[in-house]
1. I'd like to know which of Ala350, Gln239, Gln284 lies farthest towards the positive end of the charge dipole of region 37-359, counting +1 on Cβ of Lys and Arg and -1 on Cβ of Asp and Glu.
2. Accessible area per residue, 1.4 Å probe, Å², for region 37-359: what's the number?
3. What does the net charge come to around Leu79 if you take all other residues with beta carbon closer than 11 Å to its beta carbon, with K and R at +1 and D and E at -1?
4. Take Ser124 and Asp341, extend 7 Å from each Cα along the Cα→Cβ direction, and tell me the distance between the two endpoints in nm.
5. With all protein chains present, calculate the accessible area of Arg328 using a 1.4 Å probe and round the result to the nearest 10 Å².
6. Pairs of Cα atoms under 8 Å, at least six residues apart: use those to get the relative contact order of region 71-185, whole percent.
7. Extending each Cα 7 Å along its Cβ direction at Asn82 and Asp228, get the distance between those two points in nm, one decimal.
8. Could you compute how much accessible surface Thr166 exposes when probed at 1.4 Å, giving the result in Å² to the nearest 10?
Amino acid sequence: MTDSFLTRRAALGLLAGTAAEAMWQGSGVAAPAAGPTSEVPYGAAISSYALQDDPAYRAAVATYCQVIVPESEMKWDDLHRNRGEYHFENADRIADFARQHHLALRGHTLAWYGAMPEWVNTISTAAEAERELTGHIHTVVSRYRGLVSSWDVVNEPIPDKPVGVTDLRPFVWSRFLEEDYIPIAFRAAAAADPKAMLVLNEYDIEYVGARFRARRDALRHIVRRLLDRNVPLHAVGLQAHLYADRAIDRDGLQAFVSELKGWGLKILITELDVIDDTLPGPEQARDAAVAAKADDFLEAVFAACRPETIITWGLSDRYTWVPTYNKRADGRLNRPLPLDDAMKPKPLMAVIDRYRRRAA
Ligand code: XIL
């Protein structure tokens, strides 16, 4: 690992405090002054296919992003379609782009119910489950050691509507290993890359209402259990897929983030976009409403902490997952992201920039 790479990773604030300090001690390079010295890095989830085929997209990524994360290419069913058989080509394409353009790279994700290959359904014992989970994490994290500076180790462990704080989403790892799959995954990731920032990532944390309070309670419970067991958890990722027609619980969110920060954790905004299918009006009004919703969310988070990064789930409206589940009924394009479909910045980008600078 080169000194400039160390500097970049530390400057981007994407290292866990203790890991970063340990790394600087061994590097022979003066550590940067503690505290926020620069703008919060901005980044986006990236598609390897668009990167390959679309020069305008490629240029926009290089222009606007300081950090990138593969939207799908590091998920289980992309990397590990058959037992013991890994396909790294698409993930490597994104990693190469990050290296060439001196961008930080995040990894997403090592344990998630949403992208599991068929073959895991043949797992039949807890021992086998643990072996496969830790084997996958070892292989993938080791491959990108020194390049991926932070990993979404566990993604979306909480069910949509948790009935209590211990309620976990049922899937292969929780079925065989119960709540232990979470510390097992974190410890395996830490063993494969002791310097990476390890993140627990969740959605629907920020709104007004009993369901969302229950989700914050359940996430708080998982975090507390991990910290009490000395599991190497460094940060919590707030996905922030924001619904234009839902109210943000500013006080609830700010209090929640403050509490996590008080426990020594960092906060990342990992998947920001604004789901706009219900927004009426002309484009200009819709873009303003999208920006205002993000503003509401960011205000509450920044009141409590300086997040490590702000990442949107996609960069341009040309490539967004939003219409998959939330297509507009009027036939117009969704506009959930900071750049429009012609790669022109929208008011959402200005809001993000304002918060990035505010923290500098
Ligand atoms: C989504 C991708 O955007 C889609 O392209 C893919 O088909 C399914 O997954 N929360 C997450 C992301 O953590 O991994 C999801 O990404 C969006 C919701």
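1. Farthest towards the positive pole: Ala350.
2. Result: 38 Å² of accessible area for each residue.
3. The answer is -3.
4. Between Ser124 and Asp341, the label points sit 5.0 nm apart.
5. 20
6. Reported relative contact order: 30 percent.
7. Result: 4.5 nm between the two label points.
8. Answer for Thr166: close to 100 Å² accessible.
The values are calculated or read from the model by the stated rules, or taken from the named source; none is laboratory data. Because the structure is predicted, anything quoted here is derived from the model rather than measured. So basically every Cβ, Gly included, is an ideal-geometry build from the backbone, and we count neighbours across all protein chains shown. Ligands, DNA and RNA are excluded from the accessible area calculation, which covers all protein heavy atoms including side chains. Shrake-Rupley method; radii C 1.70, N 1.55, O 1.52, S 1.80 Å.
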